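Visitor: The following block contains the structure, expressed as structure tokens.
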Amino acid sequence: LCGPFVGAIDEGTTSARFMIFRAGTDDIVCYHQIEVPSIFVKEGWCEQDPVVIINTVNDCIEGACQKLRALGGKVEDIVAIGITNQRESTIVWDRHTGEALANAIIWLDNRTTSTVEDLLETIPNNARNINYLRPLCGLPLSPYFSGVKLRWLRDNVATVKKAMDAGNAMFGTIDTWLMYNLTGGKDGGVHKTDVTNASRTMLMNIETLQWDANLLKFFGLPNSILPEICSSAEHFGTIAQGVLKGVDITADLGDQQAALVGQQCLAKGQAKATYGTGCFLLYNTGPSIVHSQHGLLTTVGYQLGRKATPYYALEGSVSIAGAAFNWLRDNMGIIQNTGQIETMANMVDSSLDVYFVPAFNGLYAPYWNQDARGVICGLSEETTSEHIVRATLEAVCFQVRDILDSMHKDCKIPLAKLMVDGGMTVNNLFLQLQSDLVGIQVLRAKIAETTALGAAMAAYKTVTANYNMEGPLSKSDAREPIKPKIAATERNLRYQKWKMAIERSLNWETSTLAQGERESFDGA
């Protein structure tokens with residue numbers, strides 16, 4: 001087993017893993033994966049122990065390198081390391097001791113809802129406009145993003161406030177924390193992040209790609225806590241100890257952006273969808289920044305080198321994708337395990353006009369209606385559990401169409417094909433339905449681990465001058481496109497009925513309002 005190899009640290013929300021690829025290919029030599037437990041202190045709160053995160057990553061590196069040796073490979077043949085990570089999650093630590101001052105606040109934690117309310121009060125003219133900062137950072141004011149979490153830590157954790165005031169605090173998203181520790185920690189560890197992770201903090205100017213004084217002032221945060229912003233592919237630092245001592249870290253990307261690279265969506269107008277618990281769509285808008293008029297986020301896609309042109313993306317997320325099937329299993333008992341989904345949905349040749357909007361905790365892009373709730377419409381005496389399972393698959397497809405339609409309105413470029421990855425893409429019927437209901441070709445990734453692959457590709461590019469990231473990743477790189485099988489008239493008729501179901505789900509929590517007072521989402 002000969003090198004060169006490239007390693008990718010993939011630190012996700014539920015687990016961490018270290019994957020070793022044959023350099024310049026999508027061939028996974030071996031990997032080691034370990035779950036990372038979350039701590040739910042109160043309802044809606046989600047934390048992780050920063051020490052557990054770094055220890056788990058080190059254990060994954062150790063485990064994968066043992067497997068490489070067992071296969072006859074040499075650890076010395078690992079030429080570079082890339083990092084990819086859950087985005088927005090926030091850690092603050094002490095500059096002198098290197099110790100975390102609080103648990104990491106994870107991206108999906110919503111304790112900062114009150115912080116958002118307080119910040120909205122500070123917007124001039126009582127505007128309370130969540131898009132007030134969007135021209136500067138591309139993002140709406142939301143509990144998701146790191147700047148809001150940092151402000152909460154400053155307001156609520158005395159040790160954090162004290163360290164910030166004394167200039168002793170360091171802030172980082174997960175990539176920064178990992179890099180700091182891997183390169184030496186308090187003994188010379190680097191304090192860096194990349195443009196994709198920084199673009200999720202609300203503290204970076206989306207045009208200059210540097211920390212913005214006006215944004216820092218709005219959040220009341222000191223400049224001294226911030227890491228250096230780098231491109232996504234350059235020399236970040238060198239691993240200081242352990243089995244990979246002396247190997248360089250040469251790439252850093254947030255997980256969804258890494259998947260964009262791993263799917264080779266490297267040209268303007270290309271898009272990928274990752275289907276997991278939720279679904280994340282990223283649409284490459286090229287070197288131009290597109291400020292969405294239709295509820296999407298503006299984010300940095302990647303910048304593959306210090307002097308390279310940054311590429312931007314529009315991002316839309318569906319909060320309930322695979323999670324809807326967990327609900328069918330755990331709450332309704334309609335399925336026993338997720339392996340049954342395709343078989344059951346194939347037992348019927350349509351959903352029999354049943355439409356399911358899984359808005360369990362509101363609707364995200366492009367509706368942004370927190371008062372929406374789940375509805376199942378179109379039930380008849382003939383409806384069976386198989387029809388409901390099929391309608392659930394279609395619900396994910398329709399939500400993706402909602403986002404793709406918004407992307408089309410913002411960019412004016414029709415999408416020719418959609419690259420897909422993630423757990424749900426093993427389901428062939430689902431991909432056929434996705435192609436049918438959106439009306440474009442769907443191409444499934446050859447490997448599920450596109451996030452780690454993207455980090456490995458960027459890391460290898462940094463150390464190999466002639467590496468073509470757009471070239472074939474393997475000898476059999478041809479992906480069979482899945483093409484639409486239904487006519488546009490049927491597709492559009494079904495989409496109109498989906499929109500009717502959406503109407504019935506909106507403003508459920510405030511349904512006492514008179515019809516005329518409700519917000520119309522027709523133009524959304």
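Visitor: Considering only segment 160-199, how many residues are open to solvent by 10 Å² or more (accessible area, probe 1.4 Å) and closer than 23 Å to P140 by Cα?
Guide: 0
Visitor: Go through segment 478-500 and count every residue that is within 30 Å of A233 (Cβ to Cβ) and open to solvent by less than 50 Å² (accessible area, probe 1.4 Å).
Guide: Going through segment 478-500 one residue at a time, the tally reaches 1.
Visitor: Turning to a different aspect of this structure: With the condition being charged (D, E, K, R) and modelled with pLDDT of 95 or more, I'd like the strands (runs of 3 or more DSSP E) fully within segment 211-311 carrying at least 1 qualifying residues.
Guide: Those strands (runs of 3 or more DSSP E) span 228-230, 248-254, 271-275.
Visitor: Which of the residues spanning segment 102-129 are hydrophobic (A, V, I, L, M, F, W, C), closer than 21 Å to N197 by Cα and in contact with a helix residue (DSSP H, G or I) (Cβ under 8 Å, 6 or more places away or on another chain)?
Guide: Residues satisfying the conditions are A102, A104, I105, V116.
Visitor: Just checking, how many residues over segment 112-131 are open to solvent by less than 30 Å² (accessible area, probe 1.4 Å) and either in contact with a strand residue (DSSP E or B) (Cβ under 9 Å, 6 or more places away or on another chain) or over 19 Å from V157 (Cα atoms) (or both)?
Guide: Final tally of qualifying residues: 3.
Visitor: Something else now. Tell me, which residue of segment 132-165 that is within 25 Å of L314 (Cα to Cα), in a helix (DSSP H, G or I) and in contact with a strand residue (DSSP E or B) (Cβ under 8 Å, 6 or more places away or on another chain) is modelled with the lowest pLDDT?
Guide: Residue satisfying both the conditions and the ranking: R134.
Visitor: Starting from segment 137-150, take each residue that is closer than 16 Å to G44 by Cα and open to solvent by 10 Å² or more (accessible area, probe 1.4 Å) and list its partners that are charged (D, E, K, R) and not in a helix (DSSP H, G or I), counting only C-beta distances under 7 angstrom and pairs at least six apart or across chains.
Guide: If the second residue must be charged (D, E, K, R) and not in a helix (DSSP H, G or I), the pairs left are Y144/E88.
Visitor: Give the residues of segment 315-339 that are over 27 Å from the mean Cα position of the chain (by Cα) and of a type outside the set (A, V, I, L, M), sorted by residue number.
Guide: G333, Q336
Visitor: Answer yes or no: is there a residue in segment 322-339 that is part of a strand (DSSP E or B) and modelled with pLDDT under 90.
Guide: no
Visitor: Here's a check for you: in segment 359-375, which residue that is open to solvent by 60 Å² or more (accessible area, probe 1.4 Å) and part of a loop (DSSP other than H, G, I, E, B) is modelled with the highest pLDDT?
Guide: Residue satisfying both the conditions and the ranking: R373.
Visitor: Being under 30 Å from V463 (Cβ atoms) and not hydroxyl-bearing (S, T, Y) is the requirement here; does E121 meet it?
Guide: Criteria not met by E121.
Visitor: To continue, here is another question. Does A465 count as within 30 Å of Q303 (Cβ to Cβ), of a type in the set (A, V, I, L, M) and under 26 Å from the mean Cα position of the chain (by Cα)?
Guide: no
Visitor: Sticking with this one: Of all residues in segment 421-459 being open to solvent by 40 Å² or more (accessible area, probe 1.4 Å) and over 21 Å from the mean Cα position of the chain (by Cα), which is farthest from F21 (Cα to Cα)?
Guide: So, considering only residues that are open to solvent by 40 Å² or more (accessible area, probe 1.4 Å) and over 21 Å from the mean Cα position of the chain (by Cα), the one farthest from F21 (Cα to Cα) is Q441.
Visitor: Across segment 321-337, what is the total count of residues that are closer than 27 Å to R87 by Cα and open to solvent by 50 Å² or more (accessible area, probe 1.4 Å)?
Guide: 2
Visitor: Can you find, within segment 137-159, the residue that is nearest to N110 (Cα to Cα) among those that are hydrophobic (A, V, I, L, M, F, W, C) and more than 21 Å from the chain's Cα centre (by Cα)?
Guide: Ranking the candidates gives W152 first.
Visitor: A further question on this structure: Give, as residue ranges, the strands (runs of 3 or more DSSP E) completely inside segment 1-99 that count at least 3 residues that are open to solvent by 50 Å² or more (accessible area, probe 1.4 Å) and not polar (S, T, N, Q).
Guide: Strands (runs of 3 or more DSSP E) meeting the threshold: 28-35.
Visitor: Any idea which residue in segment 274-320 is surrounded by the most Cβ atoms within 10 Å (Cβ to Cβ), counting only those that are among the aromatic types (F, W, Y) and over 22 Å from N205 (Cβ atoms)?
Guide: Y275
Visitor: Does any residue in segment 376-392 that is at pLDDT 95 or above and among the aromatic types (F, W, Y) come within less than 8 Å, Cβ to Cβ, of a residue that is open to solvent by 40 Å² or more (accessible area, probe 1.4 Å) and in a helix (DSSP H, G or I) six or more places away or on a different chain, and which pairs are these?
Guide: Taking only residues 6 or more apart or on different chains, not a single pair turns up.
The values are calculated or read from the model by the stated rules, or taken from the named source; none is laboratory data. None of the values given here were measured: they were computed from a predicted structure. Backbone-built Cβ (ideal geometry, glycine too); neighbour counts: all protein chains shown. For accessibility, only protein heavy atoms count, side chains too; no ligands or nucleic acids. Shrake-Rupley method; radii C 1.70, N 1.55, O 1.52, S 1.80 Å.
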